[in-house]
Structures are given as C-alpha cells and as structure tokens.
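Here is the structure we will look at.
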Amino acid sequence: MPKREPGLDLLRCIALLFVVTFHSFLNNGYYSESQVGISMWLAGSFRWLSVSCIGLFLMLTGYLKSEKTDVTACYRGLVPVLLGYLLAAVISIPIRHFVFGDVQTFSAWLTRLFSFSAVYYGWYVEMYIGLVLLCPFVNIILRHLQSTKALLGFGMVMLVITALPGATPWVVFPDYWRSIYPLTYYILGAIVRRTQPKINPWLGIVGALIMSAILGTATVLSTEGKLSEALTWEFPDLWIAFIVVCLFVALYQVRIPSAFSRILAFGASGCYGGYLLSHLFDAWCYKLIPNWRTPEHYALIFFGITIPIFIVSLLLGALLERVNKWPCTNRKGASKCLH
C-alpha cells in the first residue's frame, strides 16, 4: 500500500469544507442581499475562496492518477465510486421522499438513480466517470511530454482555452471550451506531480486570499446592489484556477504532526460520501435559523451551522466508506480524487 501523504488528506478535507461553505451561501440569504458594505465584501470574498472546491478535488485526481496508463486498472477504480454513489442514493432517496417532500414515483426515482440525480450532487460522479474514462489516454500523452517546458506548455494551452474565456467580460476565446475544465485541472495536478514545485505554504495561502479579496472587491464595485448585475466567475475561470493552484501547491507537501495526520486520514476517508450526502444536512439545518439569514449573522452561521455540517458529513462519509470497502477488499485504484 502506498504511503499516505498528509498534505493531500488536508487538501481533501479543505475541499469538502469549501463545498459545504459554498453551498451555505445558497441558504444564508446572501444572494438576496444588496452587495454593499464591508460585511458583504467579506462574505463575497470568502465565497470566492470556497469556489475553489471542485478544482482542488480535480487537481487531486490528476496528481494521484496521472501515472496510470493501464486501462483495466483505471476503469476498475470506478467500481467503489459507483458503489459509494449507490449507497449514498439508498440513504438520500428515502429522506428526500418521506422527510423533505420530494415525492416521486418508483420509476421516477429509478430514472434519477441512473441519471446520477438520486443524490443532490451526483453530477460530480457523472463528470468523474467521463474523466476516468479519458485518464489512461491523457496519461499516455503526458508521459510522452518529456521536458518540463512541454508539460507546462500543455497546461498553459488548457488554461487558455478553458479558463481564459470566462475570466473577463470580453470575448477572448470561444466560450464552449469552458466545459472541459475538469481536464484542465487534471492536467494541472499531473504537472504538480511531475515537477514537484515547492513554495512557502504561507505564500500560496496569502496569494489565494488576496485573489479572493480582489474578486470580492470586483463583485461589490461592479454592481449597484443586485448580485445579478455583478461580475461573476465559475469553477473553470482563470481567477478561480489561480486560487486552486495557490492552495494546492502551498499544501500538498506541507509537514503535519503524525497525530494530526491520522485524524486527517480518517477525515479524508469520509470526503467522498460526505460530499454526496452533505446537502441532506443543508436542506434541514438552515431552515432552523430563518432569522439568522442576514449579513451580520454570517459568521455565526459559519461556525454554528456550516462547520457542524462539515463535521457530521465527514463522519457519515467515513462510515459510508467502511461499508463500501466491505465488498471491495481487493480493489485497486479506488476513488482517489475524493477519498
């Protein structure tokens, strides 16, 4: 068994925390508030930081899978991913049907199951399957790029065609290329694996925070109050990619005390299941605090609701992982993007 890398476990846990944080803005009243004042600037900056969640998961996939060129081994790794999704659906469907009032016929739920919508965030599993199908062939291309210059050139081209189009309000490159952004993050993770860059962790963290603050400032200054009028960016866009790369390079090799690394390893094992099931807690917990959905309560919501959802999601995800492992004791190449 390969030795665990605590920095990668830390990145997994941070990515899940950012997922839960990003989704909290759907429930804390942020989108209906006027984008004015220091509170909204801080909230917006933190939101932009959390948008890096998907990019971090995808870079982890590229870092961990980029040396695999055996098609069978790569595809066999999809088995525990699909089992994890199935287990999450078994938990999610009854709760959505009987508790949350999302009443559907049996055939409708069956259709949702196979369309990866039986779980709220099943879209990621669907996207991940396509990425894994491409993995061995992309890895062959990466293996033949012997020089660092060629490897970095490949990464830059991917950023130009997927991350640059949405980075500015002007048309720079055809916008339809943005949809293959998972491949860009995968290649960036592979480049980090090959080149092993080293920077002061605080430099990368500060860089990510500064960019988040700049995006928060741009959001506030580009609107007269309504978020719909503000400049917006999404998962693939260049400024978000900058935050993702800064955090990844800063933390992937960070030194962590052995006692804390064991806690991180346990938490990281629950990131996949926790990601899939976290919305069940979102859909319930935020309804308990309707009077908190104002900017002055955002910090209280984060520490009183978002962090507990993150912790409970991790614990439930870790349990799901142990159930998932039971029929897969001899698996290889499991879902290393998330657990």
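Couple of notes before you dig in:
- Mean separation of Cα contacts under 8 Å, 6 or more apart, over the residue count of the stretch 39-155: relative contact order %: 35
- Principal axis dimensions, the stretch 155-260 - Cα atoms, whole angstrom, descending: 49, 30, 20
- Lysine pairs within the chain, Cα separation less than 19 Å, 8 or more sequence positions apart or different chains: 11
- Given +1 at the Cβ of Lys and Arg, -1 at the Cβ of Asp and Glu and no other charges, the dipole of the stretch 3-133 around its Cα centre is 200 debye to the nearest 20.
- Estimated FRET transfer efficiency when R0 is 45 angstrom, pair residue 90-residue 226 (beta carbons, to 0.05): 0.65
- Two-decimal log10 I(q)/I(0) for the stretch 271-325, as the Debye equation yields it once each C-alpha is a single scatterer, q = 0.15, 0.21, 0.28 Å⁻¹: -0.46, -0.74, -1.03
- Heavy-atom accessible area per residue - the stretch 33-105, 1.4 Å, Å²: 39
- Each Cα pair under 8 Å and six or more residues apart adds its sequence gap; the mean of these over the residue count of the chain is a relative contact order of 36 percent.
- Only alpha carbons enter this Debye calculation for the stretch 92-246, each as an equal point scatterer, and the log10 of I(q)/I(0) it gives at q = 0.09, 0.16 Å⁻¹ is -0.45, -1.05.
- Summary: within the chain, the longest segment free of trypsin sites (Lys or Arg not before Pro) located in DSSP loops with at most 15 other C-beta atoms within 10 Å is 5-197.
- Among 82, 264, 110, residue whose mean-square fluctuation peaks in a GNM of the chain (springs only between Cα atoms under 10 Å): 110
- Based on Cα atoms of the stretch 145-203, Rg over Rh with Rh as the Kirkwood radius reads 1.05.
- Chymotrypsin sites (Phe, Trp or Tyr not before Pro) restricted to DSSP loop in the stretch 165-254 with at most 10 other C-beta within 10 Å: 170
- Taking the square roots of five times each eigenvalue of the Cα gyration tensor of the stretch 23-112, the equivalent ellipsoid has semi-axes of 33, 27, 8 Å, listed largest first.
- With 10 Å bins from 0: P(r) over the stretch 3-72, alpha-carbon pairs, percent: 18, 37, 24, 14, 6, 1
- Sites residue 140 and residue 256, calculated FRET efficiency, Cβ-Cβ separation with R0 51 Å, nearest 0.05: 0.90
- Once the convex hull of all Cα atoms in the stretch 37-87 is built, its volume per residue stands at 82 Å³.
- From the alpha carbon centroid of the stretch 254-308 to that of the stretch 56-95 is 22 Å.
The values are calculated or read from the model by the stated rules, or taken from the named source; none is laboratory data. Source: prediction; values computed, not measured. Using ideal geometry, Cβ is built from the backbone for each residue, glycine included, and neighbour counts are taken over all protein chains shown. Surface accessibility is based on the protein's heavy atoms, side chains included, excluding ligands, DNA and RNA. Shrake-Rupley method; radii C 1.70, N 1.55, O 1.52, S 1.80 Å.
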